[in-house]
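The values are calculated or read from the model by the stated rules, or taken from the named source; none is laboratory data. Quantities reported herein were computed from a predicted structural model and do not represent experimental measurements. When we count neighbours, we look across all protein chains shown, and the Cβ atoms used for this are built from the backbone with ideal geometry, even at glycine. Side chains included, ligands, DNA and RNA excluded: accessible areas come from the protein's heavy atoms. Shrake-Rupley method; radii C 1.70, N 1.55, O 1.52, S 1.80 Å.
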Amino acid sequence: MQIQENFSLKKYNTFGIEAKAKQFVAVHSVADLKTVLRENKSQPNFILGGGSNMLLTQDIQALVIHIDLKGKKILKEDNDYVWIESQAGENWHELVLWTIDQNFGGFENMSLIPGNVGATPVQNIGAYGTEIKDTFVSCEAMNIATQQMKTFTKDDCHFGYRESIFKQEAKDQFIITSVVFKLTKRNHKINISYGDITKELEKQDVITPSLKDISNAVIAIRQSKLPDPKELGNSGSFFKNPIISKEKYEKVHILHPEMPHYVISETEVKVPAGWLIERAGFKGKRFGDAGIHKNQALVLVNYGNATGQEILNVSTAIQATILQKFGIAIEAEVNVI
Ligand SMILES: Cc1cc2nc3c(=O)[nH]c(=O)nc-3n(C[C@H](O)[C@H](O)[C@H](O)COP(=O)(O)OP(=O)(O)OC[C@H]3O[C@@H](n4cnc5c(N)ncnc54)[C@H](O)[C@@H]3O)c2cc1C
């Protein structure tokens, strides 16, 4: 294990932002992680997975610990279900493909989400009507201060829309080292009603879709809609879709009757942030090397050499305009550092 000084994080964040870590170390085992934390107790630290959900606006004056624990296995199974365990440093999409190859159901709608397994519970990743909480059983995490391991069950995690205890009460206190998921072996809970999945399957003449068909459809849709971070730096959806009260929705609806919305409870309504951004006139706009994607208003992009601060300035301008125009506050989904 080698601690490197003044380490460039450009290749370690999908925005492709040039920022330096005061110190950087990649850890490959729980024992190494314990040693690093113990030996650097007085140092602030920062946990890095695949860097696909963060905007680096400055150098990190801390020891950046890149979680690179590898391994995945079947823990147990019965006739209907299989329990799998993945180490935190496994690439999420590779894990998805590994499960689909074995006809294990549950991850197919979340194909091609970038990043590593350890970060999946942090924001309860989700796509096309499925979230990690639907298959999550538990995770093992190391307490940063004491280096003791703790098991978090699904209930412990307080999952919500792009939320969990790891972004709230337990923020910066635990490092997730492995996750256990429960997947179906048969009677898969197919969910193709969301977004364009059905349309994509029809295009491919699929009538009774297999898990692989659904995964392929999701991959095709995502590739046609979202910029590939290898070609255009980005962090996926920059903002969360705001959840507003029904009363507030009714007031905004009078002025903007065409505003799409999803009723999520008797008192709350979710509004697509992408629509708000587009209506505020930001879609496709470019400010130097920072901008808003031409097809996806929710995705902020780095056209080359944007700084994190420049991208943050664009996001702040978007938030202020939407608040002024619609009276709705939108919140970043991406972790701004
Ligand atoms: C093109 C694109 C599309 C995307 N689409 C989606 C999508 O459809 N749905 C979705 O939910 N997300 C999406 N994302 C966001 C991102 O892929 C997910 O949030 C992913 O889970 C982040 O994983 P990561 O390993 O890159 O985390 P990082 O960016 O490295 O870290 C994210 C946060 O988690 C913390 N963290 C990371 N690893 C650990 C760990 N082991 N223990 C404790 N804390 C940790 C970090 O400190 C940081 O606060 C997309 C991103 C991109 C670039």
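For the residues I197, I192, I207, I175, the requirement of being without any contact (Cβ under 8 Å) to a residue 40 or more places away in the chain and either touching a Leu at 6+ places or on another chain (Cβ under 6 Å) or open to solvent by less than 50 Å² (accessible area, probe 1.4 Å) (or both) singles out I192.
The residues on offer are E169, E202, and the sole one that is within 24 Å of I330 (Cβ to Cβ), out of contact with any Leu (no Cβ under 6 Å at 6 or more places or on another chain) and among the acidic types (D, E) is E169. Annotation: of all residues in region 108-132 being more than 9 Å from the ligand (Cβ to nearest atom) and small (G, A, S), the one that is least open to solvent (accessible area, probe 1.4 Å) is S111. Checking the structure you have, find out if any residue of region 242-264 is within 17 Å of the chain's Cα centre (by Cα) and either within 16 Å of the ligand (Cβ to nearest atom) or in a loop (DSSP other than H, G, I, E, B) (or both). The answer is yes, given that some residue of region 242-264 is within 17 Å of the chain's Cα centre (by Cα) and either within 16 Å of the ligand (Cβ to nearest atom) or in a loop (DSSP other than H, G, I, E, B) (or both). The set of residues in region 133-148 that are hydrophobic (A, V, I, L, M, F, W, C) and either assigned to a loop (DSSP other than H, G, I, E, B) or near the ligand (Cβ under 8 Å from one of its atoms) (or both) comprises A141, I144, A145.
Consider region 265-296. How many of its residues are over 24 Å from the mean Cα position of the chain (by Cα) and among the β-branched types (V, I, T)? Residues meeting the conditions: 1. Quick one: in region 275-319, of everything that is away from the ligand (no atom under 16 Å from the Cβ) and of a type in the set (K, R), which residue is least open to solvent (accessible area, probe 1.4 Å)? It comes out as K283. When region 142-171 is limited to residues that are in contact (Cβ under 8 Å) with a residue 60 or more places away in the chain and within 25 Å of A26 (Cβ to Cβ), the one that is most open to solvent (accessible area, probe 1.4 Å) turns out to be M149.
The single condition among (1) surrounded by fewer than 17 Cβ atoms within 10 Å (Cβ to Cβ); (2) touching a Lys or Arg at 6+ places or on another chain (Cβ under 7 Å) that N187 does not satisfy is (2). Just the residues that are over 12 Å from the mean Cα position of the chain (by Cα) and hydroxyl-bearing (S, T, Y), please, taken from region 112-144. Answer for region 112-144, where residues must be over 12 Å from the mean Cα position of the chain (by Cα) and hydroxyl-bearing (S, T, Y): Y128, T130, T135, S138.
Among the residues in region 92-111, are any on the phi > 0 side of the Ramachandran plot and modelled with pLDDT of 95 or more? There is at least one residue in region 92-111 that is on the phi > 0 side of the Ramachandran plot and modelled with pLDDT of 95 or more. Candidates are the residues of region 320-337 that are within 16 Å of the ligand (Cβ to nearest atom) and outside any loop (DSSP other than H, G, I, E, B); the one that is farthest from G51 (Cα to Cα) is A332.
Here L95 meets the list (1) in contact (Cβ under 8 Å) with a residue 40 or more places away in the chain; (2) surrounded by 14 or more Cβ atoms within 10 Å (Cβ to Cβ) almost entirely, failing just condition (1).
Within region 220-258, the set of residues being hydroxyl-bearing (S, T, Y), open to solvent by 20 Å² or more (accessible area, probe 1.4 Å) and within 18 Å of A332 (Cβ to Cβ) comprises S237 only.
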